[in-house]
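Read through the structure below, which is laid out as structure tokens, and then see the notes.
The values are calculated or read from the model by the stated rules, or taken from the named source; none is laboratory data. Keep in mind it's a predicted model, so treat the numbers as computed, not measured. Ideal geometry is used to build each Cβ from the backbone, glycine not excepted, and the neighbour counts take in all protein chains shown. Just the protein is used for accessible areas: all its heavy atoms, side chains included, with ligands, DNA and RNA removed. Shrake-Rupley method; radii C 1.70, N 1.55, O 1.52, S 1.80 Å.
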Number of protein chains: 2
Amino acid sequence: MALLAVGSIALDSVETPFGRREEVLGGSATYSSIAASFFGPVRLVATVGEDFPEEHVQFLRSREVDVSGLERRPGRTFRWRGSYGFDLSQANTIDTQLNVFSGFNPELPRAFCDSEFVFLGNIDPDLQWRVLDQVRGPRLVACDTMNFWINGKRESLLRTLRRVDLLFVNDAEARQLAGEHNIVKAAHSILELGPRALVVKRGEYGALLFARDHIFAVSAYPLPILFDPTGAGDSFAGGFMGYLARSRCEDLAAMRRAIVLGSVLASFAVERFSLERLRTVTHEEIRARYAEFRQLTHFDDLEIDLFNGGASVR
Amino acid sequence: MALLAVGSIALDSVETPFGRREEVLGGSATYSSIAASFFGPVRLVATVGEDFPEEHVQFLRSREVDVSGLERRPGRTFRWRGSYGFDLSQANTIDTQLNVFSGFNPELPRAFCDSEFVFLGNIDPDLQWRVLDQVRGPRLVACDTMNFWINGKRESLLRTLRRVDLLFVNDAEARQLAGEHNIVKAAHSILELGPRALVVKRGEYGALLFARDHIFAVSAYPLPILFDPTGAGDSFAGGFMGYLARSRCEDLAAMRRAIVLGSVLASFAVERFSLERLRTVTHEEIRARYAEFRQLTHFDDLEIDLFNGGASVR
């Protein structure tokens with residue numbers, strides 16, 4: 001089943017301690033679509049300007065991304081310019097030019113309206129709502145958001161969340177949305193807002209999956225080289241949703257595998273600038289890194305007689 | 001096999017968003033001994049003043065902690081006063097009175113000198129060295145340290161590390177010791193300094209175990225209530241070392257179980273002030289939480305036919 005992915009496409013200019021790139025391919029819809037495309041076809045809904053290089057469209061097409069929902073509008077493509085310091089955990093935005101993205105009003109091609117698996121990238125929650133109005137009875141709707149909407153369009157976001165099955169946020173956003181510092185309590189509050197599952201992204205520390213009476217934790221893959229964290233969260237969400245759409249599963253066991261695959265895709269994305277690494281990664285490499293995640297995190301049962309000889313508790 | 005634990009004993013005054021306690025039992029040797037005592041006998045080496053309440057000594061004795069290496073000296077017991085804000089990740093030290101601890105010069109009782117498993121709590125690396133001079137051919141030596149010694153007594157610390165098998169530090173300390181921000185590279189540098197294994201503690205995010213060509217990651221137990229993080233790191237190290245001493249194992253599979261058990265003990269320790277929770281926790285609760293850690297972190301293999309239908313990579 002194809003995944004419907006809605007979001008931004010941008011030309012990013014990025015500087016990290018390891019180098020810089022000017023006007024390279026970026027945006028939430030780009031990263032999520034490409035990450036998802038390893039698992040099956042993707043239907044992309046986004047907008048670009050007249051200046052958007054045709055080679056990028058060709059690249060998307062070459063990856064079985066259906067670009068019939070990619071609208072090319074008069075004007076310039078969305079630009080983002082940012083930098084990262086040595087800890088690479090926080091982007092420092094230097095300049096944002098929304099350009100044609102400021103008038104983005106997603107219209108789904110008729111053929112996309114039966115999409116069962118939907119990923120709403122981080123855009124205005126009113127636009128996310130409008131997308132859902134166009135999809136007939138989706139099976140699983142996932143949504144990303146950010147502090148800007150949590151603060152500035154809270155009511156719209158809450159309205160959208162009531163139609164969402166799965167929310168992706170980072171830990172600061174989860175705390176902000178719930179108004180609660182403790183992440184477990186914050187998650188429980190958010191699960192009252194509509195989503196039946198919540199993924200809390202924690203950057204280099206990994207991610208948590210919360211559902212009713214259920215928590216799963218995955219560590220991030222410890223990378224000796226982390227070039228550019230741009231797009232990590234969207235690659236994560238794309239890998240996660242691409243896998244669910246591919247396996248046509250939405251139970252918690254599938255979501256646990258999905259969060260690991262999301263981590264796998266994110267770990268590749270940050271190894272190079274832009275989508276450079278995602279362009280070359282293979283299915284075999286994805287499988288191998290998934291297996292490495294098991295090596296990284298699994299451990300044996302305890303011995304039966306462990307506590308003979310330990311201090312007894314009064 | 002009994003674990004030898006050397007470190008501080010303190011009377012702590014702590015304020016967190018959830019309450020405060022005055023002059024309660026604390027210190028690295030206390031937390032590590034009690035956490036280790038669930039697995040087997042502990043030999044404690046520490047010093048207290050004339051004012052140290054006898055009930056605390058009785059408590060240690062009641063937990064099969066051999067206190068024949070506990071020296072009572074003229075003067076007052078080490079005092080620490082600190083507070084935590086809502087994020088609970090950083091202690092704010094308000095006052096430190098070393099008192100008798102400033103003259104701590106660990107002398108091992110003759111019967112302790114054959115200890116095979118040794119935990120050197122966070123004290124002056126020259127004192128850690130002196131302890132090792134008194135132990136005959138230990139099997140596994142683990143050591144904790146902190147920024148104060150990494151900066152202020154670097155040469156002494158490096159000398160001690162050459163006799164250490166396993167080092168416990170937090171991520172900031174690992175970066176500082178290695179002079180490298182990337183935690184994987186920092187770990188590899190530290191493994192060149194002597195220890196054959198390194199545990200990097202990451203607070204609410206969990207911990208990493210590094211050895212040559214080996215990484216293991218454990219997430220912290222997501223707690224809805226975290227009362228007082230004081231002693232979490234020492235409870236972690238105590239649980240870790242207590243288990244290794246009990247199982248008489250020092251291979252990597254055992255260390256993986258040990259790091260989970262350390263996380264289990266730490267997760268209990270922070271549920272109440274001081275050692276309140278560690279006083280009441282049972283072997284059954286430890287077993288159950290260990291099983292919960294498997295539920296929290298384990299995931300299934302991928303399906304065989306996953307990638308049929310995914311975009312092929314050029």
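Tabulated values for the structure
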| quantity | calculated |
| --- | --- |
| Protein heavy-atom accessible area occluded, A/B pair - total, 1.4 Å probe, Å² | 6200 |
| All-pairs Cα distance distribution in the stretch A:229-314, expressed in whole percent, bin size 5 Å | 3, 13, 18, 19, 14, 8, 5, 5, 6, 6, 3, 1, 0 |
| Global form of chain B, assessed from the alpha-carbon gyration tensor, a/c cut-off 1.5 | prolate |
| Estimated D of the stretch B:1-73 in µm² per second, where Rh is the Kirkwood radius over Cα pairs and Stokes-Einstein applies at 37 °C, 0.692 mPa s | 260 |
| Carbon and sulfur %, accessible surface of the stretch A:1-76 computed with the full protein complex present, 1.4 Å | 47 |
| The protein assembly as shown, accessible area per residue, ligands and nucleic acids excluded (1.4 Å, Å²) | 37 |
| Residue with peak Gaussian network fluctuation, chain A [Cα springs, cutoff 10 Å], from A:Thr16, A:Thr47, A:Thr96 | A:Thr96 |
| Positive-end extreme of charge dipole, the stretch A:134-250 - chosen from A:Tyr243, A:Ala187, A:Ser156 (charges on Cβ) | A:Ser156 |
| Geometric extent, Cα atoms of the stretch B:103-167 - Rg, Dmax (angstrom) | 11.4, 35 |
| For the stretch B:73-216: rounded, prolate or oblate by the Cα gyration tensor [a/c cutoff 1.5] | oblate |
| GNM top mover of B:Pro125, B:Pro106, B:Pro53 - chain B, alpha-carbon springs below 10 Å | B:Pro53 |
| Dipole magnitude of the stretch A:193-314 about its Cα centre (Cβ charges: Lys, Arg +1; Asp, Glu -1), debye to nearest 20 | 420 |
| With all protein chains modelled, accessible area of A:Leu158 [1.4 Å, Å²] | 30 |
| Qualifying trypsin sites (Lys or Arg not before Pro) for the stretch A:162-211 [loop in DSSP, other Cβ within 10 Å: at most 13] | A:Arg162 |
| Rounded D (µm²/s) - the stretch A:65-151, Kirkwood Rh over Cα pairs, Stokes-Einstein at 4 °C, 1.567 mPa s | 85 |
| Neighbouring partner chain Cβ atoms per residue of A:213-222, average, 10 Å criterion | 6 |
| Residue-averaged 222 nm ellipticity for chain B, from DSSP H runs of 4+ at -39500 (n - 2.57), nearest 500 | -10500 deg cm²/dmol |
| Among B:Pro229, B:Pro138, B:Pro195: highest mean-square fluctuation, GNM of chain B, C-alpha pairs under 10 Å | B:Pro138 |
| Heavy-atom accessible surface of the stretch B:153-227: percent carbon and sulfur, 1.4 Å | 50 |
| Tensor-based shape of the stretch B:248-292 (alpha-carbon gyration tensor, a/c under 1.5 rounded, otherwise prolate or oblate) | prolate |
| Dipole in debye (nearest 20) - chain A, about Cα centre, beta carbon charges: Lys, Arg +1; Asp, Glu -1 | 580 |
| Cβ-based net charge around B:Arg175, under 11 Å, with every Lys or Arg adding one and every Asp or Glu removing one | -3 |
| Residues losing 50 Å² or more accessible surface upon assembly, the stretch A:268-285, compared with the chain by itself, 1.4 Å | A:His283 |
